[in-house]
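Notes follow the structure.
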Amino acid sequence: MDFNQALVDYVKTRGHNGTNARFNEVSYTWEVQGMNVSGRFFYLPFKNGQPTIDEFIEFIYWRVVKFCIPNDVILEYRQKYIATNDERYTIELQDKAKNLFIRAKNMQNTTGEPAELILFTILEAILGAPQIACKMYLKTNSNMPVHGSDGIHVSFDNNTNMLQLYWGESKLYQQLSSALDEVCDSVKHFVTDDGTGAPRERDLEIIKDHISISDPKLKEELIKFFDPYEARSNNVQDKFACFVGFNLPLLSKLQQLDKTRFIQDFEEQYLERIVSACKLFEQKINAENLQDLHFLFFLLPFEDVNQIRQKFLSKLGVAL
């Protein structure tokens, strides 16, 4: 089978319409000699001179089912709906995803989950790299150790015949520098053996035991990349997909931009922050001796990350 095309076709079934309306991008090529780094740098589109925050919250909210629920369960509910034409199966599925999200948040005493959902959306909808292990579904099982990456996604490079395995790290912090500190700390912990096995190895076991792909043939071919008795297991390249949402002061001063060239002014000033952010990330990668790893860096600025978190949790129905 054409593995790359099979992944592309699979992502199309995941339903990510409207992505282009919710993400704008500033072009910047991040290259550093001696490092494997690259980046994609986004911002929310504007309407009436303000970022489209509510539309963005609505957009990621409707990604909750795909993020939280394994594909075989989603398919089961879809088949029930098709067989009965009973809308309750659609509603039950959405409620099931929301409840999983809320339970995981309560169990971990954290409000960082919107960042994981944003990273999931970027990887699936923009990079075309589907999630292959539904960790949110496992987090609510107290017997399942799922601490490790924030997401597990894949794509395939036909030119190198390599499976790109994306380990997700996501942070929603007011200060960019603090977020990057946490990213590097998490990545270092992920690849370091603490005596019980590195989190990376435990996440690989999750892939093998709980792979979340509804296409049986694609699933069969994909699992061979994680079977040490298969030659293709040598053709896997790790990449650390790091998303940071952070406070950008420029977004609180939009009224000061030239109205006749609003977008151009914004993008020029945001680009300056992108360049400085990449340089800062380089320094932190070096400081933690992570130069041998391959990083893919995603940025998305907000006026106030706490507002994003509160709006999302409110939409989810979580008491604040």
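Here are a few things to note about the model shown:
- Based on C-alpha pairs under 8 angstrom that are at least 6 apart in sequence, the chain has a relative contact order of 23 percent.
- Residues in region 52-63 carry Karplus couplings, in order, of 7, 5, 4, 5, 5, 4, 4, 5, 6, 4, 7, 8 Hz; the curve used is 6.51 cos²θ - 1.76 cosθ + 1.60 with θ = phi - 60°, and Gly or Pro positions show x.
- Using the Karplus relation 6.51 cos²θ - 1.76 cosθ + 1.60 with θ = phi - 60°, the per-residue 3J(HN,Hα) values for region 97-103 come to 5, 4, 5, 4, 4, 5, 5 Hz, with x marking Gly and Pro.
- The simple Förster model, with R0 at 41 Å and r as the Cβ-Cβ distance, assigns Val32 and Ile82 a FRET efficiency of 0.20.
- Distance from the C-alpha centroid of region 250-320 to that of region 53-123: 25 Å, rounded to the whole angstrom.
- In straight-distance terms, cross-link reach from Lys311 covers every one of the lysines whose alpha-carbon lies under 16 Å from its own, apart from those fewer than eight places away in the same chain; here that gives Lys98, Lys105.
- The 3J(HN,Hα) values that the Karplus relation (6.51, -1.76, 1.60; θ = phi - 60°) gives for region 234-248 are, in residue order, 7, 9, 10, 10, 6, 9, 9, 8, 10, 9, 10, x, 8, 7, 10 Hz. Gly and Pro appear as x.
- Once C-alpha pairs closer than 8 Å and six or more residues apart are averaged by separation and normalised to the residue number of region 138-284, the relative contact order reads 28 percent.
- Placed amide H near Val154: partners under 5 Å, 5+ positions off or other chain: Ile132, Tyr166
- Computed [θ] at 222 nm, helices only, for the chain once each DSSP H run of length n ≥ 4 contributes -39500 (n - 2.57): -14500 deg cm²/dmol
- Pairwise inverse Cα distances across region 7-78, averaged and inverted, put the Kirkwood hydrodynamic radius at 15.2 Å.
- Length released on extending from Thr192 to Leu254, taking residue separation times 0.36 nm less the Cα-Cα span: 18.0 nm
- Taking every DSSP beta bridge that has both ends in region 3-316, the antiparallel portion is near 40%.
- Residues whose amide H lies under 5 Å from that of Phe295, counting only those 5 or more places away or on a different chain, are Asn36, Val37, Ser38, Phe240; hydrogens are built 1.01 Å from N in the peptide plane.
Only the coordinates and a few stated rules stand behind these numbers; no lab work does. Please read all numbers here as calculations on a predicted model, not as lab measurements. All Cβ positions, even for glycine, are placed from backbone atoms using ideal geometry, and neighbour counts span all protein chains on display.
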